[in-house]
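First the structure, in the form of structure tokens, and then the observations on it.
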Amino acid sequence: MLTDVAPEHVEGWAEELASLTAGLGHLFARPEPREVFADLVEGLLSDLGRKNGWTMADRAGHATPHRIQKFLGEASWDADALLTEVQDYIAAELGDGQATLVLDDTQVIKKGTRSVGVAHQHCGVTGDVRNCQVMVMLTYAAEAGYTFYDRRLYLPAGWADDAERRQDAGVPEQVCFATKPQLGIAMLKNALARELPFGWVAADADYGKDPALRAFLHDRALPYVLAVPVTLPLLGPAGKPRQPAVAQAGDLLHYATSRDGWERRSQGEGSKGQRYYDWTWFEVTLPGQEPADGFAHHLLIRRSTDKKRLAGGRIDYEYAYFLVHAPAGAPLAEAVRRAGVRWKIEENNETAKQVTGLGQYQVRRWTSWHRHVTCAMLALAFLTVQRARHLAAETGPVAEDNGPETRDDLGKAPSPAETSGCP
């Protein structure tokens, strides 16, 4: 994220950070938590190799980590109020009517069973099942930059139904079990209610296969590009006699191959330059789910530019499938671009863990988890905004696009209970 910003460019950022944290002092009733808050955020942005209570306390000149631990666990302040300030900061600095909201989850490997939400579950970090916490994140990806906009801690059913563990970890009574897509819907509702300007939604296949999430987006006429599994039920264009019927996404690969209508396009710039793939798409029908008025569904298929050695030793192209919901007549190039934006959240996950200490916490309880993660989000947003300002100063102002003036379904921001994902 920051490879195009030289060290000399960050020399003046300390003053900007001090101004930012001082401006958030109204969130804390006493002087001490204001001071510790500034120390904590500075520590998260520092070059410490490991960012935990001990290392950040030592950097701040504290004799022990007690002050930071008290700030995260016992002090009187509201993590959701800080989150609202972070969201206002992002909207004011990066707001873009053509931005993409990207849903995904990330994991933090943990030992034991008492830390809130920790369970033996799928861990995307390692690709297997192990003890970890899962956090569902929402990234705001705008032209000027991309950073986390919202967060939800996934509480497995075993936790949600265990009254003793809930009490020990301080899980609020109103928080019940919610699937990851339900948590995603809650965050999208919040973004809409806060009138955040954006144009599209993107997510990986764990979210793309969820019919409730798709229905939510259809009802609000929101364009999306969602990765989907090859087994996603759908109906494609009518086949010719003796050609295979289309009942799911993977069935369209036969027609894509036979018509050979691939277009080579970049999915966006990666760490090694432009990421080129071959693309094609088909207009499709989702059984039981109609697109919004004036919209259409397409299945977008991505193929690697060269054959690779796949699982089992087979040599073939790699394929990926995306369901697109967009205004009728939208070009393939736009769908490809939005599919590429989906990877911004992966970069956020990596940067936040490596640079701003997103997963380097030593807390066990619900409140302290939300406080640490929200502070890490603020630190990442600060870096993103400073980089955006630096690049804007080098390239000149960009025409502002605040998107549509209104949305029919907007209202006041919902309370945390309303966005908890509970039925």
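The values are calculated or read from the model by the stated rules, or taken from the named source; none is laboratory data. This is a predicted model, so every value here is computed, not measured. Quick reminder, even Gly has a Cβ in these numbers, built from the backbone with ideal geometry, and neighbours come from all protein chains shown. Heavy atoms of the whole protein, side chains included, go into the accessibility calculation; ligands, DNA and RNA do not. Shrake-Rupley method; radii C 1.70, N 1.55, O 1.52, S 1.80 Å.
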Take the alpha carbon gyration tensor of the stretch 55-124, find the square roots of its eigenvalues, order them as a ≥ b ≥ c, and report rounded if a/c is under 1.5; if not, report prolate when a/b exceeds b/c, else oblate. oblate
Which aspartates and glutamates does residue 272 reach when only Cα atoms under 17 Å apart count, and residues fewer than 8 places away in its own chain are ignored? 4, 306, 346, 347, 350
Solvent exposure of the stretch 125-188 as accessible area per residue, Å², 1.4 Å probe: 37
Segment residue 266-residue 22, extension gain: residue separation times 0.36 nm, minus the distance between their alpha carbons: 83.6 nm
The stretch 11-131: relative contact order in percent, alpha carbon pairs under 8 Å with at least 6 residues between: 16
Residue 367 accessible area, 1.4 Å probe, all protein chains in place, Å² to nearest 10: 60
One finds the C-alpha centres of the stretch 69-92 and the stretch 118-161 to be spaced, in Å, by 19
Can you give the FRET efficiency for residue 125 and residue 54, using 1/(1 + (r/R0)^6), R0 = 30 Å, r = Cβ-Cβ distance, to the nearest 0.05? 0.80
Three-way shape call for the stretch 10-51 based on the alpha-carbon gyration tensor, with the a/c threshold at 1.5: oblate
Amide H to amide H under 5 Å from residue 201: which residues, 5+ apart in sequence or cross-chain, H placed 1.01 Å off N in plane? 101, 224, 225
Using modelled backbone amide H atoms (1.01 Å from N, in-plane), which distant-in-sequence or interchain residues come within less than 5 Å of residue 123's amide H? 128, 129, 130
Taking protein heavy atoms only, a 1.4 Å probe, and rounding to whole percent, the accessible area of the chain owed to carbon and sulfur comes out at 49
Gain upon complete extension [residue 157, residue 292; 0.36 nm per residue less C-alpha separation]: 45.3 nm
Using Cα pairs under 8 angstrom and six or more residues apart, how large is the relative contact order of the chain, in percent? 21
Counting helices only, and only those DSSP H runs with n ≥ 4, report the 222 nm mean residue ellipticity of the chain as the sum of -39,500 (n - 2.57) divided by its residues, in deg cm²/dmol to the nearest 500. -11000 deg cm²/dmol
Here the averaged projected area of the stretch 219-329, based on the convex hull of its alpha-carbon atoms and given in nm², is 8.8
Return an integer: the convex hull volume of the alpha-carbon atoms of the stretch 1-130, in Å³ per residue. 178
So which trypsin sites (Lys or Arg not before Pro) in the stretch 172-248 are both in a DSSP loop and have at most 12 other Cβ atoms within 10 Å of their Cβ? 242
Residue-normalised accessible area of the stretch 1-114, expressed per residue, 1.4 Å probe, Å²: 51
Pull up the cross-link candidates among the lysines for residue 110, meaning alpha carbon to alpha carbon under 17 Å and not fewer than 8 places away within one chain. 51, 353
Kirkwood hydrodynamic radius of the chain, from inverse mean 1/r over distinct Cα pairs, in Å: 23.0
Under the rule a/c < 1.5 gives rounded, and otherwise a/b versus b/c splits prolate from oblate, where does the stretch 160-212 land using the Cα gyration tensor? oblate
Hey, what's the Kirkwood Rh for the stretch 310-376 if you take every pair of different alpha carbons, in angstrom? 15.9
Show me the trypsin sites (Lys or Arg not before Pro) within the stretch 252-306 that DSSP assigns to loop and that have at most 10 other Cβ atoms within 10 Å of their Cβ. 272
Solvent-free Debye scattering, log10 I(q)/I(0), computed from the Cα coordinates of the stretch 138-182 at q = 0.17, 0.23, 0.26 Å⁻¹: -0.59, -0.80, -0.92
